[in-house]
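The values are calculated or read from the model by the stated rules, or taken from the named source; none is laboratory data. Here the structure is a predicted model, which is why all the values come from computation and not from measurement. Every residue, glycine among them, receives a Cβ derived from its backbone with ideal geometry; neighbour counts consider all protein chains shown.
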Amino acid sequence: MGSFQFRAPPQIIVEDGASERLGERLATRGLRHALVVTDRFLARCGLIDAAVAGLAGQGVAATVFDGVEPDPPEASVQAGVDVAGRAGVDVVVGFGGGSAMDTAKLVALLGASGETLAEVYGVDQSRGPRLPLVQIPTTAGTGSEATPISIITTPDGQKKGVISDWLYPDLAILDATLTLGLPPRVTAMTGVDAMVHAVEAYTSRLKKNAISDALAVRALGLLSANIRRVVEEGSDLVARRAMLEGSLMAGMAFANAPVAAVHALAYPLGGLFHVPHGLSNALVFAEVADFNLTEASQSYAELAVSLPDELTERCHNGDGFVTAIRRLVSSLPMEQRLGDVGVRPEDLDQLSDDAMKITRLLVNNPRDMTRADARAIYAAVL
């Protein structure tokens, strides 16, 4: 593997109920006014209430921006930046799933740097600085609390990324109690998303490294052992915590060994058909893994050992791994075919064209993928 660098958030707290003590964490840092970035559902269902009350109890003012949208469009990010500026906040708190955390990253960055989104798209384009940033995930899937990446949807439906060390949070708080109310379908989709992160980090062509590998293996073990349990019994706090830890580890892994073709094929499904990101990944996961077998068989065999025996049937080779992934995904309560989410045969060319534009991810895939390959994968799961 040779030389490499590994980056991660400077502080991570894994503690049930820790979100309620957010005010203490901010007050000890001398912070006095937080912008809580979340979505309308979480704001209205009361999930943020304890954290906001904790802020008030420590004399920290709170402004809530609940305009986060799925697959965040540029306009919603700018709206958050505008709210932060008008309120004069000195810290940003991302509270929610990947969309909320991705939005919070850019609100914190653009709210302090004065840059525009157009100026920071790409890799290491921002000059900084940013406002202090805290991330509190409410799903076990994206791992966004541990990554320097924010994915935004442009007005024409394309997915564009901002990748910058400025986007690592100062603090990530993993409070498993926040995930207890996740419905089975969301639990399944986000859980598979995290598993894809672990697998693609482990097989990443360009930046695979020993630390990411270790995190990916442990993450896949935690996620695969607990995903069906939390789908069936969502109140199991121990299993929920294991999923959250697995998602974090997978996020740390792929932040340093980037994801590849599963994500490249998933993003157009989100951009064009508004399919939730985790479901987009799940729909193409097994087919991409099967495609990669000729180049990734050894890596898949190594990962197969981390999967439960009832999935692999103790077949710890590349084929056994792909079969286990098919078996797991097909058992979960979510859509299984592209047709189930509105994709028609005539849409496959557009999806393939858009996937081929995501070269920053395709270069990480263990096997080169052509447009014809991408189209064949889409067709196989139509």
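If you go through the stretch 288-303 and keep only what is of a type in the set (Gly, Ala, Ser) and more than 27 Å from Tyr267 (Cβ to Cβ), you end up with just Ala301.
Matching residues to (1) hydroxyl-bearing (Ser, Thr, Tyr); (2) under 21 Å from His277 (Cα atoms); (3) in contact with a helix residue (DSSP H, G or I) (Cβ under 9 Å, 6 or more places away or on another chain); (4) at pLDDT below 95:
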| site | (1), (2), (3), (4) |
| --- | --- |
| Pro73 | no, yes, no, yes |
| Ser76 | yes, yes, yes, no |
| Gly85 | no, no, yes, no |
| Val92 | no, no, yes, no |
| Gly98 | no, yes, yes, yes |
| Met101 | no, yes, yes, no |
| Ala104 | no, yes, yes, no |
| Leu109 | no, no, yes, no |
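Within the stretch 249-332, which helices (runs of 4 or more DSSP H) (wholly inside it) include 1 or more residues that are hydroxyl-bearing (Ser, Thr, Tyr), surrounded by fewer than 18 Cβ atoms within 10 Å (Cβ to Cβ) and not assigned by TED's automatic domain parsing to the domain that holds Asp71? Give the steps one after another, and end with the answer.
Values: elements: 261-273, 277-304, 309-312, 318-330.
Qualifying helices (runs of 4 or more DSSP H): 277-304, 318-330.
Residue check: Leu348 meets all listed conditions (1) aliphatic (A, V, I, L, M); (2) over 23 Å from the mean Cα position of the chain (by Cα); (3) crowded, with 24+ Cβ neighbours inside 10 Å but one, namely (3). Based on this model, can you work out whether Ile163 counts as touching a strand residue (DSSP E or B) at 6+ places or on another chain (Cβ under 7 Å) and over 15 Å from Glu74 (Cα atoms)? Yes: the conditions hold for Ile163.
Checking the stated criteria, Asp170 turns out not to satisfy the condition of being closer than 23 Å to Pro10 by Cα, of a type in the set (D, E, K, R) and buried (at least 22 other Cβ atoms within 10 Å of the Cβ).
From the list Leu279, Leu303, which residue is among the hydrophobic types (A, V, I, L, M, F, W, C) and under 23 Å from Pro73 (Cα atoms)?
Numbers: Leu303 fails: under 23 Å from Pro73 (Cα atoms).
The unique qualifying residue is Leu279.
Do we have Ala239 as modelled with pLDDT of 95 or more and in contact with a helix residue (DSSP H, G or I) (Cβ under 8 Å, 6 or more places away or on another chain) here? Considered against the rule, which asks whether it is modelled with pLDDT of 95 or more and in contact with a helix residue (DSSP H, G or I) (Cβ under 8 Å, 6 or more places away or on another chain), Ala239 comes out as yes.
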